[in-house]
Amino acid sequence: MNSLSVRHLLGINELNSEDIQRILSTATEFKEVLQRPIKKVPSLRDITIANLFFENSTRTKLSFELAQKRLSADVLNFSGSQSSLAKGETLVDTANNILAMKVDMVVIRHSAPGSSHFLAKRLAGFPKSKHAQIINAGDGTHEHPTQALLDAFTLQEHLGNLAEKRIAIVGDILHSRVALSNIRCLQKLGAKVSVCGPPTLIPKHIEQLGVKVYHRLQDVVNSHDALNMLRIQKERQEGSYFPGNYEYARFYGLQQQHLLGIDRPPLVLHPGPMNRGVEISSEVADRPESLILDQVENGVAVRMAVLFLLASRP
Ligand code: CP
């Protein structure tokens, strides 16, 4: 079967490890397509996809749009701030109106955790919308499944099979959808996942997800195969979780000196957008070994794989 066990991509939680492996191996094939002079394939001809972005995005929005165009889909782009939402229309009414125009898939980014689940459930009750497939492009602090898949793809390119590999996610774990999706995705691929950050930014009881918790950055640098550095999500924080950027950078900002003198320094990833000089120094971000732009490049192939496999469902 060349499709996924799920009808929608709402989170990594709903995928099994075979689904993840299938997405990653299909992405390898699409990455090869993207190296060719003619990068476009007809796989999604006659499929129409609406990108509904109610929250800011650079990488995810452009990467989904490019993936859709490389697959020959018809693409509609919708920005929440310029829509009739400002006149009081609800999310479900907005989606139903877009789907009434014979749209097949909806990619949604929204600040509310669970928004893509809510949409998938509600749309199933409307005759004109019940066949639509929903893809979560980031729902508040909950999940960002395609980011986790492209991170895993990038790690596999450099580490091979991720079983037993030690991967640390560093920074604002409390407010990060990338952290939760990465933990779930990497564990389903057999990796040993850790988190590192100040106690105020690590969710209580996170050990119950099977992760190891560190509070000293040098300890994870010395002992892990890769670090995924996360930014401080100021827009999702109420109150103050640490004294200021200077103190954060001093204790949790990855600097060149952390990586010196280690036989096999860890790979360094960052999902973006970066706060240079806070969670990562420019020296580290711009090292030739940094994988940050590889993640962005791989995002197109991984999103092509997700769209293609979802559309292949019988
Ligand atoms: N990594 C990520 O989601 O970036 P954007 O917010 O720019 O899409």
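The values are calculated or read from the model by the stated rules, or taken from the named source; none is laboratory data. Every value quoted in this text rests on a predicted model; they were computed, and no experiment measured them. Here the Cβ positions follow ideal geometry from the backbone for every residue, glycine too, while neighbour counts run over all protein chains shown. Accessible surface is based on the protein model in full, side chains and every heavy atom, while ligands, DNA and RNA are left aside. Shrake-Rupley method; radii C 1.70, N 1.55, O 1.52, S 1.80 Å.
Tell me, which helices (runs of 4 or more DSSP H) wholly within segment 58-157 include 2 or more residues that are open to solvent by less than 10 Å² (accessible area, probe 1.4 Å) and within 12 Å of the ligand (Cβ to nearest atom)? Spell out the reasoning first.
Working: elements: 59-70, 91-99, 115-123.
Ranges flagged: 59-70.
Given the conditions (1) farther than 19 Å from Q147 by Cβ; (2) away from the ligand (no atom under 16 Å from the Cβ), and given that R276 satisfies all but one, which numbered condition is not satisfied?
(2)
Output the residues belonging to segment 18-57 that are of a type in the set (K, R) and not in a loop (DSSP other than H, G, I, E, B).
Scanning segment 18-57 gives R22, K31.
For (1) open to solvent by 60 Å² or more (accessible area, probe 1.4 Å); (2) touching an Asp or Glu at 6+ places or on another chain (Cβ under 6 Å); (3) of a type outside the set (K, R), each residue gets a yes or a no:
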| residue | (1), (2), (3) |
| --- | --- |
| I169 | no, no, yes |
| H205 | yes, no, yes |
| L217 | no, no, yes |
| N222 | yes, no, yes |
| S240 | yes, no, yes |
| G253 | no, yes, yes |
| R264 | yes, no, no |
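Answer yes if at least one residue in segment 253-269 is within 16 Å of the ligand (Cβ to nearest atom) and in the same structural domain as S194 (by TED's automatic domain parsing), and no otherwise.
yes
Do you know which residues across segment 22-57 are within 16 Å of the ligand (Cβ to nearest atom) and in contact with a Leu (Cβ under 9 Å, 6 or more places away or on another chain)?
N51, L52, F54
From the list D225, D219, exactly one residue is more than 19 Å from the chain's Cα centre (by Cα) and either free of Cβ contacts under 8 Å to residues at least 40 places away in the same chain or under 23 Å from G140 (Cβ atoms) (or both). Which is it?
Matching residue, one of D225, D219: D219.
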